[in-house]
Amino acid sequence: MKRLKELFWPAVGLIAVAWSLKVLYAKLHAEAATDQAIAALIENAGFFQSLKIIALQIASKIKDNPVSDFVLAFAATLLAYLALAWYDRIALIHLKKEKGISWLYVTICSFTTYAISHNIGASVFSGGMVRYRAYTAKGLTAAEVAVLVALCSFTFAFGTILLGGLVLLYEPEILQPLAPVGLGMTRLIGFAMVGFCLLYTIGSWLQFKPLVIRNFRLEYPGLHVVWRQWIAAPLELIGAAGIIYFAMPGANNPDFMLVLGAFLLSFSAGLLLQAPGGIGVMEFTFIKVMPGIPAADVLAALLVWRLLYLLLPLAISVPVVLGFERAQLAHHHHDTQPPPTS
C-alpha cells in the first residue's frame, strides 16, 4: 500500500503530461491545417512528418521576433533568478545565519538549486538535497536547512497567492475558459487571496509566539523578513512571466496581466502534478486561458521560456555541482590524511 501511495502522484503527473501533449498536438495540427498550403502537406503526412511541419512553423515564428524581444526576455530571466537568490538570503536572515555566507555563494547555490529542481520536478526534495550539501558546508544544521527550504517554498507560494489574487481582481475572466466560475465569485477569491497575504503580514506585526516541538523551534517570520518577501516573490514571478510576454510573437500580443495569470496557473499546475518543467501542462493551460492567441504563438513563446529559464540554467548548473562536489571531496581527503611524521 505504501508503494502504491508513492507511485500515485508520479502516475497522475505522467497521465496529465500525456493527455496534455495529445490535446496540444491536436490543437496545433488543426491550426496548421487552416493554411491551405500546409494543409496539403499534412493531409498525406504521417505523425512524425506532421510534427516536423508544425515544428518548422513554430521555429519560423521564433525567428521572426526582433532581437530586442530576446534581449528583454534574457533580462527578465536574470531578474527572476536574482529574485530566487533573494529567497535564500531572506531565509538565512530569518535563521540569523546570513553572516559569513556571501551573496555570491547564495546566488550560485540558489541558481543551481532551481535550475535542477525546475527541470526534474519534485522541487522540494531535489532543491533540498542541493541546499543541504551547500549550506551544511557553511555550518547550518539539517534542521536549519529544512526551515530554509520550507521558507523559500513559502515565499514562492506567497508570491503566487498575492499576484494570483491581484490577477483575479484585474482579469476575472481568466478562469472562465478553465471552469464555469462567475466574475463575482472570481473577484471574491481574489480578495481572499490578497487578504491572506495581509493577515500573514499582520501576524508578523503582532509577533506571534514561536512553535516549539521538543528541541525543534519554528519562529514566525518578523517584519524584517516579510517586507522582503513582499518584494522578492512578485519580482521572481513577474520576471519568469516576462520571458513569455516578450517572446510572444505576433502584433496582437495579450495583456501582461493575462500572461502573468496564465503563467501562475500553468506553472502551479505543473508543480502540483510534478511534471518536469511543467511539460505539456503549461502549454495546455496557456492555450485554454488565451483562446484568442494562436497555439503556435503560445508554444513558440514557451519554447523560448524553456530555453532561457530551464535548459540554459541547467546546462550551467551541472558543471557547478560537479565542481562543488569535487572540491568537497578534495577537502575531505585532505582532512583525513594523517599528519606527516618527523
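The values are calculated or read from the model by the stated rules, or taken from the named source; none is laboratory data. All values derive from a computational prediction rather than experimental measurement. Note that we place each Cβ from the backbone using ideal geometry, even for glycine, and neighbour counts take in every protein chain shown.
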Picked from the range 235-262 (must be touching a residue at least 60 places away in the same chain (Cβ under 8 Å) and not in a helix (DSSP H, G or I)), the residue surrounded by the fewest Cβ atoms within 10 Å (Cβ to Cβ) is ASP255
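Residue-wise test of (1) out of contact with any strand residue (DSSP E or B) (no Cβ under 7 Å at 6 or more places or on another chain); (2) among the polar types (S, T, N, Q); (3) free of Cβ contacts under 8 Å to residues at least 24 places away in the same chain.
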position	(1), (2), (3)
VAL130	yes, no, no
THR136	yes, yes, yes
LEU140	yes, no, no
ALA143	no, no, no
ALA157	yes, no, yes
LEU163	yes, no, no
TYR170	yes, no, no
LEU178	yes, no, no
PHE191	yes, no, no
In the set GLY195, GLY190, GLY184, the lone residue that is under 16 Å from LEU260 (Cβ atoms) and among the small types (Gly, Ala, Ser) is GLY190
How many residues does the range 162-188 contain that are of a type in the set (A, V, I, L, M, F, W, C), in a helix (DSSP H, G or I) and surrounded by fewer than 20 Cβ atoms within 10 Å (Cβ to Cβ)?
5
Just to be sure before I move on: is LEU198 under 30 Å from TYR81 (Cβ atoms), exposed (fewer than 14 other Cβ atoms within 10 Å of the Cβ) and either free of Cβ contacts under 8 Å to residues at least 40 places away in the same chain or among the small types (Gly, Ala, Ser) (or both) in the structure I sent?
yes
Within the range 285-302, tally of residues that are among the hydrophobic types (A, V, I, L, M, F, W, C), more than 18 Å from PRO180 (Cα to Cα) and modelled with pLDDT under 85
6
Candidate set from the range 169-195 (those that are out of contact with any Gly (no Cβ under 7 Å at 6 or more places or on another chain) and of a type in the set (Gly, Ala, Ser)); member that is nearest to LEU265 (Cα to Cα)
ALA179
Taking the options LYS99, LYS138, name whichever one is out of contact with any Ser or Thr (no Cβ under 7 Å at 6 or more places or on another chain), surrounded by fewer than 19 Cβ atoms within 10 Å (Cβ to Cβ), over 22 Å from LEU322 (Cβ atoms) and of a type in the set (D, E, K, R).
LYS99
Conditions (1) surrounded by 23 or more Cβ atoms within 10 Å (Cβ to Cβ); (2) closer than 16 Å to SER117 by Cβ; number of the one not met by VAL289:
(2)
May I ask you to say which residue of LEU329, LEU265 is in a helix (DSSP H, G or I), modelled with pLDDT of 80 or more and not charged (D, E, K, R)?
LEU265
Just checking, does the range 106-114 include any residue being free of Cβ contacts under 8 Å to residues at least 40 places away in the same chain, surrounded by fewer than 22 Cβ atoms within 10 Å (Cβ to Cβ), on the phi < 0 side of the Ramachandran plot and not β-branched (Val, Ile, Thr)?
no
Within the range 111-140, of all residues that are assigned to a helix (DSSP H, G or I) and of a type in the set (Lys, Arg), the one modelled with the lowest pLDDT is ARG133
